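Presented below is the structure to which this report refers.
The values are calculated or read from the model by the stated rules, or taken from the named source; none is laboratory data. Please read all numbers here as calculations on a predicted model, not as lab measurements. Don't worry about glycine lacking a Cβ; one is built from the backbone with ideal geometry, like all the others, and counts go over all protein chains shown. All accessible areas refer to the heavy atoms of the entire protein, side chains included, with ligands and DNA or RNA removed. Shrake-Rupley method; radii C 1.70, N 1.55, O 1.52, S 1.80 Å.
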Amino acid sequence: PAKTAAGQWFRTLRDRICAEFESIEEEGAALPALPHAPGAPGRFVRTAWERTDPSGAPGGGGEMSVMKGRIFEKVGVNISTVSGQFTPEFARTIPGADADPRFFATGISLVAHMANPRVPAVHMNTRFLVTTKAWFGGGADLNPAHPVAEDTGSFHARLKAACDAHDAGHWPRFSKWCEEYFWVPHRNRARGVGGIFYDWLDCPDEARFAANFAFTRDVGLAFLDAFPAIVRRRMAEPWTAAERETLLRYRGLYAEFNLVYDRGTVFGLKTGGNTDAILMSLPPEAKWD
């Protein structure tokens, strides 16, 4: 029941986010757009995929939802529910898998790269994993090429409210964890302006599952409340070619982190996930020079 409930929630959250983002595309239909943008407001294209476990057994799958629009240059909202066995080497890195390599994982992963350089990119992911242990993880973080204190403050405030509603210790712990996790060592700088990151919220019994599941749902709802408000606030602002250049170089930094350090990328590739879905987070255009 816990696995089913978590998977159903991630699907419901995906549907609500996609509907909200398509509404924003409609609202911005008359705004200036990039030369390669579609003439009409963008719509999500959904692509289902299936996974075969290395044992040869069915290993679950997922669904990619990708939109290339006028406001959202590229956004992906993916869900997956997979199961099988970790390889012995990878099992040693996952809590509870050293005793038994079988696993179950379900979650939602979202990355939005925006056409207007003044609208921040964003990442959100929440997930439920089961080995001989069970836990929730995830978070959300804002990634502006041109940071604006008002946007950073409102995004953080909404996530803090979600944290505080469950545990007064969540925000200081998870916001700090986000700063540490999204640090890019080889550039000696942060990837973005933060948010929250959490993992290993253990669910040893029904009570802890219920509490951690409620928190994880609220993280998704906080994102759904906070990020669209920022997009609507900034999407009509005029921008310059120089600001677009800054955005493209910033996207290079974003890509470097996701390819070199991101644990979700590693998990997906190590467990035979869909490569296109895993690398959905990469921007449609970036620069290194």
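Sort out which residues of region 214-225 are out of contact with any Cys (no Cβ under 9 Å at 6 or more places or on another chain) and either outside any helix (DSSP H, G or I) or open to solvent by less than 10 Å² (accessible area, probe 1.4 Å) (or both), and write them in order of number. Walk me through how you get there before you give the answer.
Going through region 214-225, the residues out of contact with any Cys (no Cβ under 9 Å at 6 or more places or on another chain) turn out to be 214, 216-217, 220-221, 223-225.
Thr216, Gly220, Phe223 - these are the residues of region 214-225 that are out of contact with any Cys (no Cβ under 9 Å at 6 or more places or on another chain) and either outside any helix (DSSP H, G or I) or open to solvent by less than 10 Å² (accessible area, probe 1.4 Å) (or both).
Identify the single condition in (1) open to solvent by less than 50 Å² (accessible area, probe 1.4 Å); (2) under 22 Å from Gly272 (Cα atoms); (3) assigned to a loop (DSSP other than H, G, I, E, B) that Gly59 does not satisfy, given that it satisfies every other one.
(3)
Which of (1) open to solvent by 40 Å² or more (accessible area, probe 1.4 Å); (2) closer than 22 Å to Asn274 by Cβ; (3) outside any loop (DSSP other than H, G, I, E, B) is the odd one out, the single condition Phe104 does not satisfy?
(1)
May I ask you to list the residues in region 21-68 that are under 19 Å from the mean Cα position of the chain (by Cα), over 18 Å from Asn116 (Cα atoms) and among the acidic types (Asp, Glu)?
Across region 21-68, the qualifying residue is only Glu63.
Kindly evaluate Trp135 against the criterion of being at pLDDT 95 or above, outside any strand (DSSP E or B), among the aromatic types (Phe, Trp, Tyr) and touching an Asp or Glu at 6+ places or on another chain (Cβ under 8 Å).
Working: at pLDDT 95 or above: yes; outside any strand (DSSP E or B): no; among the aromatic types (Phe, Trp, Tyr): yes; touching an Asp or Glu at 6+ places or on another chain (Cβ under 8 Å): yes.
Spelling it out, it is not the case that Trp135 is at pLDDT 95 or above, outside any strand (DSSP E or B), among the aromatic types (Phe, Trp, Tyr) and touching an Asp or Glu at 6+ places or on another chain (Cβ under 8 Å).
Identify, from the list Arg208, Arg191, the residue that is open to solvent by 10 Å² or more (accessible area, probe 1.4 Å) and either touching a helix residue (DSSP H, G or I) at 6+ places or on another chain (Cβ under 6 Å) or modelled with pLDDT of 95 or more (or both). It would help to see each step written out before you state the result.
Values: Arg191 fails: open to solvent by 10 Å² or more (accessible area, probe 1.4 Å).
After applying the criteria, what remains is Arg208.
Given the structure, is Thr93 part of a strand (DSSP E or B), open to solvent by 40 Å² or more (accessible area, probe 1.4 Å) and hydroxyl-bearing (Ser, Thr, Tyr)?
Working: part of a strand (DSSP E or B): no; open to solvent by 40 Å² or more (accessible area, probe 1.4 Å): yes; hydroxyl-bearing (Ser, Thr, Tyr): yes.
No: the conditions fail for Thr93.
Inside region 108-120, can you point out the residues that are in a strand (DSSP E or B) and either over 17 Å from Gly220 (Cα atoms) or open to solvent by less than 10 Å² (accessible area, probe 1.4 Å) (or both)?
So the first thing to find is which residues in region 108-120 are in a strand (DSSP E or B), and the list is 108-114.
Of everything in region 108-120, those that are in a strand (DSSP E or B) and either over 17 Å from Gly220 (Cα atoms) or open to solvent by less than 10 Å² (accessible area, probe 1.4 Å) (or both) turn out to be Ile108, Leu110, Val111, Ala112, His113, Met114.
Which residues, counting only those in region 1-37, are in contact (Cβ under 8 Å) with a residue 40 or more places away in the chain, more than 18 Å from Arg232 (Cα to Cα) and either open to solvent by 70 Å² or more (accessible area, probe 1.4 Å) or in a helix (DSSP H, G or I) (or both)?
Ala2, Lys3, Ala5, Ala6, Gly7, Trp9, Phe10, Arg11, Leu13, Arg14, listed by residue number.
Considering only region 242-289, state which residues are without any contact (Cβ under 8 Å) to a residue 60 or more places away in the chain, of a type in the set (A, V, I, L, M) and either closer than 29 Å to Glu50 by Cβ or open to solvent by 50 Å² or more (accessible area, probe 1.4 Å) (or both).
Selection gives Ala242, Ala255, Leu259, Val266, Leu269, Ile278, Leu279, Leu282.
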